[in-house]
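Colleague: Have a look at the structure that comes next, please.
The values are calculated or read from the model by the stated rules, or taken from the named source; none is laboratory data. Keep in mind it's a predicted model, so treat the numbers as computed, not measured. Methodologically, a virtual Cβ is constructed for each residue, glycine included, from the backbone with ideal geometry; neighbour enumeration extends over all protein chains shown.
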């Protein structure tokens, strides 16, 4: 994966340049490209190709990288090439050191249009979207949270409320903790995330797959803004009794697309390029606590009419990301109590999950951006705790509570990974549909919370009824994971009646190597574990005997 990402980035011909006089060059076509539909492995990993195959997503022209000959011709004008976007068929450049480059670019026959996307404004930095209130916890608060989470698989510590609010703990207890799902986080930087103790487990299991900075064009994302590290902790933290995230066993790409020191439209193009990279390396989910509406140069600002899901570059890219089979989860914005009031882009994009914020008792948080979109669609999609949300401090590993839809977004994004792990045959559209239908005000959505606060256990049951042909037809083995396994085998079994069970594992010679007994509760997924460290490598047979029937599953010890 790391080597593939490097090849992907080299193909963009990125260079470092001053943050001014930035131009987006929009291209007419991809004629003459050396890339083809017959050889997708040249620009997609096997994981990305497999996702397309599994969900019958056809390759199209947006999958093909920008024509390298066009990039070379643009570069030969003296412009400094920054990033390329195959989805938008665009190249971003800096022309500050080549005064005649822009005219030369516009004269190229394959250039459709050029747009200014970055230059110094007259009013300084337009918006401080990464400001939030942080409060430290009292020791009494710590004690209450630890006691409250004592009966769960995880000792959630301070994260208990934000996870239990959406029934995330129930999925975790059943073994769905994000394992096998890949989340790409797009943010302004992940300061100190390579040293924070809450990510020790991810590092120990090599679950931070790779990183890249699309602003400064380097691999290090750990020396920039703290915002991404805090959002990351809401998903990936695993510090029992202190802070546990919503998907602590997921794997991650960490991408920096936002320059927190400026606010320019080029950041939307950076986001598109980062989202394309996420798709190309096979990410399942994008978690993005970013959004745009006003810029340092007011002449470049979006209007509310632009928030129709089809106008801003970042909304177009987010919609394409969804069409590639990923679930895009994006914050709604923190403009609820200021002059703008509405969601910010790409929160207006169609077929993504736009997340608003509630407080700890499930009431609308006053700062959370509101809907609808300019064309009248329901937004935000859903809401989660974004007021009093607990995060890890990148400077000293302490835990703070903070406010912002930046924090409610990763609460949902991590649980999307767990939900998808629980029903891997579901499409991204089915995942999003089940989340909406499970939410607290699905029948009466509004402009504050959209469809409301989702219940991920209910969403899982909805997906099971759609995607599992055995659901509702009696008992069945719902999942056995991981398979192949090494130390521990997890078994999920759906029972329609109260039943005693005996779970046995046999080797290929027919010798029983372990046995476990217990009771299944009716009308739910029952979970249990089998310790397998003493097993030799090889193929085994799991047999579950209940009062009603016998069920078998082939398993492999690696």
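Colleague: For the stretch 531-547: of the residues being touching a residue at least 60 places away in the same chain (Cβ under 8 Å) and over 13 Å from residue 483 (Cβ atoms), which is surrounded by the fewest Cβ atoms within 10 Å (Cβ to Cβ)? So that I can check it myself, show each step before the final result.
Modeller: We begin by selecting, within the stretch 531-547, every residue touching a residue at least 60 places away in the same chain (Cβ under 8 Å); these are 542, 544, 546.
Now narrow it down to the ones that are over 13 Å from residue 483 (Cβ atoms): 544, 546.
On the way: 544: 22, 546: 18.
For the stretch 531-547, the residue satisfying everything is 546.
Colleague: Which of (1) in a helix (DSSP H, G or I); (2) touching a residue at least 24 places away in the same chain (Cβ under 8 Å); (3) surrounded by fewer than 21 Cβ atoms within 10 Å (Cβ to Cβ) does residue 299 not meet, given it meets every other one?
Modeller: Here residue 299 meets the rest and fails (2).
Colleague: So, one more: Residue check: is residue 287 under 24 Å from residue 220 (Cβ atoms), touching a residue at least 12 places away in the same chain (Cβ under 8 Å) and not in a loop (DSSP other than H, G, I, E, B)?
Modeller: Details: under 24 Å from residue 220 (Cβ atoms): yes; touching a residue at least 12 places away in the same chain (Cβ under 8 Å): yes; not in a loop (DSSP other than H, G, I, E, B): yes.
Yes, satisfied.
Colleague: Next question, about the same structure. If I ask for residues that are under 19 Å from residue 173 (Cα atoms) and either touching a helix residue (DSSP H, G or I) at 6+ places or on another chain (Cβ under 7 Å) or without any contact (Cβ under 8 Å) to a residue 40 or more places away in the chain (or both), which ones from the stretch 482-514 would you list?
Modeller: Selection gives 494 alone.
Colleague: To continue, here is another question. Can you confirm whether the stretch 428-436 contains a residue that is buried (at least 24 other Cβ atoms within 10 Å of the Cβ), touching a strand residue (DSSP E or B) at 6+ places or on another chain (Cβ under 9 Å) and either in contact (Cβ under 8 Å) with a residue 40 or more places away in the chain or under 21 Å from residue 181 (Cβ atoms) (or both)? Walk me through how you get there before you give the answer.
Modeller: The first filter runs over the stretch 428-436 and keeps only residues buried (at least 24 other Cβ atoms within 10 Å of the Cβ), leaving 428, 434-435.
Now narrow it down to the ones that are touching a strand residue (DSSP E or B) at 6+ places or on another chain (Cβ under 9 Å): 428, 435.
Narrowing further to those that are either in contact (Cβ under 8 Å) with a residue 40 or more places away in the chain or under 21 Å from residue 181 (Cβ atoms) (or both): 428, 435.
Yes, the stretch 428-436 has at least one match.
Colleague: Still on this structure, I have one more. Tell me yes or no: at least one residue of the stretch 203-222 is surrounded by fewer than 24 Cβ atoms within 10 Å (Cβ to Cβ) and assigned to a helix (DSSP H, G or I).
Modeller: Yes, some residue in the stretch 203-222 is surrounded by fewer than 24 Cβ atoms within 10 Å (Cβ to Cβ) and assigned to a helix (DSSP H, G or I).
Colleague: While we're looking at this one, here's another question. For the stretch 25-48: of the residues being assigned to a helix (DSSP H, G or I) and in contact (Cβ under 8 Å) with a residue 40 or more places away in the chain, which is nearest to residue 111 (Cα to Cα)? Steps first, please.
Modeller: Taking the stretch 25-48 first, the residues assigned to a helix (DSSP H, G or I) are 40-42, 46-48.
With in contact (Cβ under 8 Å) with a residue 40 or more places away in the chain added as a condition, the list becomes 46-48.
Working: 46: 33, 47: 33, 48: 30 Å.
Taking the candidates together, the pick is 48.
Colleague: Let me ask something else. Which one of these does residue 361 not meet: (1) in contact (Cβ under 8 Å) with a residue 40 or more places away in the chain; (2) under 19 Å from residue 169 (Cβ atoms); (3) assigned to a loop (DSSP other than H, G, I, E, B)?
Modeller: If we test residue 361 against (1) in contact (Cβ under 8 Å) with a residue 40 or more places away in the chain; (2) under 19 Å from residue 169 (Cβ atoms); (3) assigned to a loop (DSSP other than H, G, I, E, B), just (1) comes out false.
Residues are listed down the side, and each one gets a yes or a no for (1) loosely packed, with under 15 Cβ neighbours inside 10 Å; (2) assigned by TED's automatic domain parsing to the domain that holds residue 383; (3) part of a loop (DSSP other than H, G, I, E, B):
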residue	(1), (2), (3)
448	no, yes, yes
452	no, yes, yes
490	no, no, no
494	no, no, no
497	yes, no, yes
500	yes, no, no
506	no, no, no
515	yes, no, no
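Colleague: In this structure, does residue 196 turn out to be farther than 25 Å from residue 419 by Cβ, in contact with a strand residue (DSSP E or B) (Cβ under 9 Å, 6 or more places away or on another chain) and assigned by TED's automatic domain parsing to the domain that holds residue 423?
Modeller: On the way: farther than 25 Å from residue 419 by Cβ: yes; in contact with a strand residue (DSSP E or B) (Cβ under 9 Å, 6 or more places away or on another chain): yes; assigned by TED's automatic domain parsing to the domain that holds residue 423: yes.
The answer is yes for residue 196.
Colleague: Please go through the stretch 469-487 and pick out each residue that is assigned to a loop (DSSP other than H, G, I, E, B) and modelled with pLDDT of 75 or more. Break it down stepwise before answering.
Modeller: Of the residues in the stretch 469-487, the ones assigned to a loop (DSSP other than H, G, I, E, B) are 469-475, 482-484, 486-487.
Within the stretch 469-487, 474, 475, 482, 483, 484, 486, 487 meet the criteria.
Colleague: Quick check: anything in the stretch 385-402 touching a residue at least 12 places away in the same chain (Cβ under 8 Å) and within 28 Å of residue 88 (Cβ to Cβ)?
Modeller: No, the stretch 385-402 has no match at all.
Colleague: Looking at the structure I just gave you, is residue 556 exposed (fewer than 13 other Cβ atoms within 10 Å of the Cβ) and assigned to a strand (DSSP E or B)? Write out each step before concluding.
Modeller: Working: exposed (fewer than 13 other Cβ atoms within 10 Å of the Cβ): yes; assigned to a strand (DSSP E or B): yes.
So residue 556 fits the description; yes.
Colleague: Within the stretch 17-39, track down each residue that is at pLDDT below 90 and touching a helix residue (DSSP H, G or I) at 6+ places or on another chain (Cβ under 9 Å). Step through it out loud before you land on a result.
Modeller: Within the stretch 17-39, the subset at pLDDT below 90 is 17-21.
The answer is 19, 21.
Colleague: So, in the stretch 302-316, how many residues would count as being in a loop (DSSP other than H, G, I, E, B) and over 21 Å from residue 260 (Cβ atoms)?
Modeller: Looking only at the stretch 302-316, we keep the residues that are in a loop (DSSP other than H, G, I, E, B), and these are 302-303, 307-312.
Narrowing the set further to residues that are over 21 Å from residue 260 (Cβ atoms) leaves 303, 307-311.
Summing the residues that are in a loop (DSSP other than H, G, I, E, B) and over 21 Å from residue 260 (Cβ atoms) in the stretch 302-316 gives 6.
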